[in-house]
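Asks: Have a look at this one before I ask anything.
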Amino acid sequence: MKQKRPRKRFANVLVATDFSRPAESAVRRAVGIPLVPHATVHLLHVLPEGMPPKIRARAERKAWDQIKQAASMASAAAEAAGNVGLVIIPEVVTGQTYVEIIRRARSSAVELVVIGRHRRRAIHDLFFGSTAIRVIRNGDLPVLVVNSKPTRSYRRPLIAVDLEDASCAVLDLALRVLESEVTTIAVVHAYNVPFEGFVLPAFSVQELDGYRREFQKKAETGLAQLLLSFADRGVRWKALVRHDDPRRAVLREATRRRADLITVGTHARSGLSHVLLGSVAECIIRAARCDVLVARPARFSFELP
């Protein structure tokens, strides 16, 4: 029997705050996830560019007062969650919000960015994206999008994988935000049957069933092999294979299981391709009722202005 491998905890986290209720929920969640002793939590507020000097000076003073209050709240919430001795660093900067989040995260060697989700603005978000989605599109760090006020640590996680190269990173990331008491985790993989519409008229019922089973078996085998490589994590993996669109499959499974966290990976696409093709991760962020944790490919790079 394999020896159980301990779960790695975060040592350096950044939380973006605009002092709203969703941002407060993000701060509370960030200081409540598994952290190493004396971990660092950056609280970042970004002021917009172009303000007249007098207005900027007042805005900066107010922002510093608010972020210091947020830091005090974060310290109390961390202690209540058992994360004692955190180093909380408040920062107020000026610039474009998503750019400054990525800039500070990179310069401070942050391991996780945490952002609260605000109400959707459908047309604006479709073409430009919310702050969270812009950070995910352009950054190269994991992002936790907090959708609700945290009342306890995550208990019903759902992990979505596509069996591509990043799937191991998705599983690793999910384990890092879960307490060791969570020992049963559902993992869903959705697959499609290529050219199903074209072969339907040409195949008999038996041939079509065999054609579909071929891809189902491939999906089941791939997921089983992936989870076998994580057999030493002290987790009972529940494999779920669905013949469906991945966005629909993940959201349905999350609803059915009353998931409090969805973890998903995303690819290094940006710009118009997201508008035309969509993104599984972005669709889930917009539609999910629970928090969403997004892993980014390490090879992706965004050049800061």
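Each value in this text was obtained by applying a stated rule to the coordinates, not by laboratory testing. These numbers were taken from a predicted model, which means no experiment stands behind them. Don't worry about glycine lacking a Cβ; one is built from the backbone with ideal geometry, like all the others, and counts go over all protein chains shown.
Asks: So which of Ala224, Ala202 is of a type in the set (A, V, I, L, M, F, W, C), exposed (fewer than 11 other Cβ atoms within 10 Å of the Cβ) and without any contact (Cβ under 8 Å) to a residue 40 or more places away in the chain?
Replies: One residue alone meets the criteria, Ala202.
Asks: Just to be sure I understand, how many residues within the stretch 135-172 are surrounded by 15 or more Cβ atoms within 10 Å (Cβ to Cβ) and under 15 Å from Ala30 (Cβ atoms)?
Replies: Of the residues in that region, 11 qualify.
Residue-by-condition table, conditions (1) part of a loop (DSSP other than H, G, I, E, B); (2) hydroxyl-bearing (Ser, Thr, Tyr); (3) touching a helix residue (DSSP H, G or I) at 6+ places or on another chain (Cβ under 7 Å):
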| residue | (1), (2), (3) |
| --- | --- |
| Lys8 | yes, no, yes |
| Val13 | no, no, yes |
| Arg28 | no, no, yes |
| Leu43 | no, no, yes |
| Arg56 | no, no, no |
| Ala63 | no, no, no |
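Asks: Yes or no: Gln69 free of Cβ contacts under 8 Å to residues at least 12 places away in the same chain and either among the polar types (S, T, N, Q) or under 22 Å from Ile133 (Cβ atoms) (or both)? Lay out the reasoning, then the answer.
Replies: Numbers: free of Cβ contacts under 8 Å to residues at least 12 places away in the same chain: yes; either among the polar types (S, T, N, Q) or under 22 Å from Ile133 (Cβ atoms) (or both): yes.
In short, yes.
Asks: Taking Ala63 as meeting all but one of (1) more than 29 Å from Cys290 (Cβ to Cβ); (2) surrounded by fewer than 18 Cβ atoms within 10 Å (Cβ to Cβ); (3) not acidic (Asp, Glu), write down the number of the exception.
Replies: Here Ala63 clears every test but (2).
Asks: Go through the stretch 66-83 and give me each residue that's surrounded by 14 or more Cβ atoms within 10 Å (Cβ to Cβ) and closer than 13 Å to Arg28 by Cβ.
Replies: The answer is Ala70, Ala71, Met73, Ala74, Ser75, Ala77, Ala78, Ala81, Asn83.
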